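Each value in this text was obtained by applying a stated rule to the coordinates, not by laboratory testing. What you see is a predicted model, and the numbers here were worked out from it, not measured in a lab. Note: ideal-geometry Cβ built from the backbone for every residue, glycine included; neighbour counts use all protein chains shown.
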Amino acid sequence: MRLWGRPLSALLVPGAVALLGWPIFGATAALCLLSGGLLILLLHHIHNLSQLHEWLREPGANNMPKGTGAWAHIFWYMGRLLKRQRASEFSLSKALGRFERAGEALPDAVVLLDNEDRIAWCNPRAETYFGLRLQRDRGAQITYLMRQPQFSAYVQSSETAEPITLRLLGRSGERAVSIQLVPYGDSQKLLLGRDITHWERLETTRRDFIANVSHELRTPLTVVHGFLETLEEAPTSDPGFLARGIKLMSEQTVRMTSLVNDLLTLSRLENSVNTVAEDKIDVPGLLQSLRHEAMALSGGHHTIRAEAKCDDWLIGSTSELRSAFGNLVTNAVRYTPKGGTIELTWERRNGNPVFSVSDTGIGIEPDHIPRLTERFYRVDKSRSRETGGTGLGLAIVKHVINRHQGHLDIDSEIGKGSTFSITFPPTRIASPRYTDQAAGAAPRRASN
């Protein structure tokens with residue numbers, strides 16, 4: 001009503017003036033007055049329309065025309081609409097920014113595709129996985145940039161409920177990525193990608209573990225079953241044959257028992273519920289005990305030395321650390337030829353306590369070293385079985401060290417020998433308690 005009232009009142013003013021002037025000045029003068037008033041009103045509207053036109057070219061709150069009459073109300077109303085629009089744009093911009101930041105923080109790859117499979121947006125993870133660059137590739141068809149036939153067929157297919165797995169090469173090497181397309185909106189799509197390389201490795205490890213355990217158990221069981229089958233089919237009272245068979249079955253039973261015990265040890269070490277004991281361990285004394293055990297295992301065929309270069313004790317699980325140290329010593333004896341030398345050392349390096357075992361054995365090729373702590377990994381499978389190993393010793397060592405916040409270093413040279421060093425953090429150092437020697441007496445040092 002206000003918008004129509006003001007223009008009508010503006011029209012009534014020249015009309016009323018003309019009617020009042022008609023009796024006084026005549027019809028011609030009255031008509032001229034009406035025409036002049038309408039012309040002034042027209043020029044007023046033209047001026048305001050011109051201002052509106054200029055403002056629409058660059059609309060803004062600061063250059064809003066003032067106007068008079070009805071135009072003042074129109075300009076005021078347009079200014080209010082402009083403020084609402086700016087507020088709405090600001091709100092949408094903030095929401096879009098929050099969405100983009102949330103998408104960028106996602107651990108998975110996300111790509112928004114329009115109805116023609118063109119890239120509308122992607123997060124940094126998608127750039128890493130798929131080799132994309134948002135600034136460069138926005139608006140490009142995804143199948144032009146990812147040219148794997150399997151992916152192209154998946155995008156064009158209507159069956160996208162199940163994800164597919166692609167092998168993608170990146171700066172960090174090959175990764176396995178699970179990809180799924182999720183339709184949304186008006187024929188738009190959401191492309192999701194998740195790195196499953198770790199899970200595939202775990203699955204491979206699980207399969208290998210089951211296969212290795214099956215193989216390790218099948219071999220001794222086959223030996224035992226074969227001997228029993230022979231006795232069943234051809235009973236004999238030959239003492240020599242029976243003695244050899246019983247000895248063989250006993251050896252294979254011991255082998256299976258060792259394997260099961262090592263598997264149980266690994267299971268216990270991997271169980272986070274089992275916390276590490278906080279015993280105070282006399283490592284210099286343990287060093288001598290390990291030397292005696294190594295001498296017994298060697299049977300006098302090796303020179304075995306033990307040297308404690310520091311008096312530090314260690315805080316940790318006595319049984320676990322004795323098992324880890326013992327595994328390293330046993331391996332040194334098994335893989336060092338007769339006449340070789342094995343040295344056990346306890347010392348500090350750069351403030352960290354270090355237990356090391358050095359030998360003059362056959363050595364290990366560099367390619368094998370990173371995998372030595374894997375379960376059932378053997379450099380020489382036939383030799384490992386001949387020496388009685390289960391293939392789990394170094395895996396146990398790794399888990400024990402991890403539970404004590406330490407790390408294992410392996411230095412080896414073919415034909416010259418190897419050194420296995422376990423480094424513990426300084427927080428694991430305990431003050432020695434002299435129980436078997438007088439106060440102030442010299443501590444135990446080297447033994448040959």
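Summary table
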quantity	calculated
On Cα atoms only, tilt of 393-403 relative to the major axis of the chain in degrees	50
Highest-MSF residue in the chain out of 71, 199, 313 [GNM, Cα springs under 10 Å]	71
Those lysines that a straight Cα-Cα span of less than 30 Å connects to residue 416, excepting residues fewer than 8 apart in one chain	309, 338, 381, 398
Gyration tensor (alpha-carbon) shape descriptor, the stretch 243-356, a/c threshold 1.5	oblate
Highest-MSF residue in the chain out of 46, 119, 281 [GNM, Cα springs under 10 Å]	46
Candidates per trypsin sites (Lys or Arg not before Pro) in the stretch 321-385, loop by DSSP, up to 11 other Cβ within 10 Å	338
Hydrodynamic radius of the stretch 135-177 per Kirkwood, over alpha carbon pairs, in Å	12.0
Which of 129, 144 has the fewest Cβ neighbours within 10 Å, and the rest in rising order	144, 129
Of every Cα-Cα pair in the stretch 200-270, the percent that sits beyond 14 Å	69
Calculated from backbone phi, Karplus (6.51, -1.76, 1.60) coupling profile of the stretch 115-129 in Hz, x at Gly/Pro	6, 10, 6, 9, 6, 9, 6, 8, 8, x, 5, 5, 4, 5, 5
Order of 374, 216, 116 - criterion: other Cβ atoms within 10 Å of each residue's Cβ, fewest first	116, 374, 216
The stretch 272-397: relative contact order as a whole-number percent, Cα under 8 Å and 6+ apart	24
The chain pair-distance distribution - Cα-Cα, 10 Å bins, rounded %	4, 13, 14, 12, 12, 11, 8, 6, 5, 4, 4, 3, 2, 1, 0, 0
Fluctuation leader among 54, 203, 307 - the chain, Gaussian network, Cα springs under 10 angstrom	54
Under 17 Å from the Cα of residue 94 - lysines, other chains or at least 8 residues apart	83
Where N is the number of residues in the stretch 279-447, Cα Rg divided by 2.2 N^0.38 Å	1.02
Relative contact order (percent, whole number), the stretch 118-217, Cα cutoff 8 Å, 6+ residue spacing	17
Mean Cα-pair separation over length for the chain, i.e. relative contact order, pairs under 8 Å, 6 or more apart, %	9
On Cα atoms only, tilt of 197-233 relative to the major axis of the chain in degrees	30
Computed log₁₀ I(q)/I(0) - Debye formula, equal Cα scatterers, no solvent, the stretch 106-195, q 0.15 Å⁻¹	-0.49
From phi via Karplus (6.51, -1.76, 1.60), per-residue ³J(HN,Hα) for the stretch 136-142 in Hz, x at Gly/Pro	8, 9, 4, x, 7, 6, 5
C-alpha long axis of helix 318-334 to longest principal axis of the chain, angle in °	70
Likely footprinting exposure, 204, 303, fewest C-beta neighbours within 10 Å first	204, 303
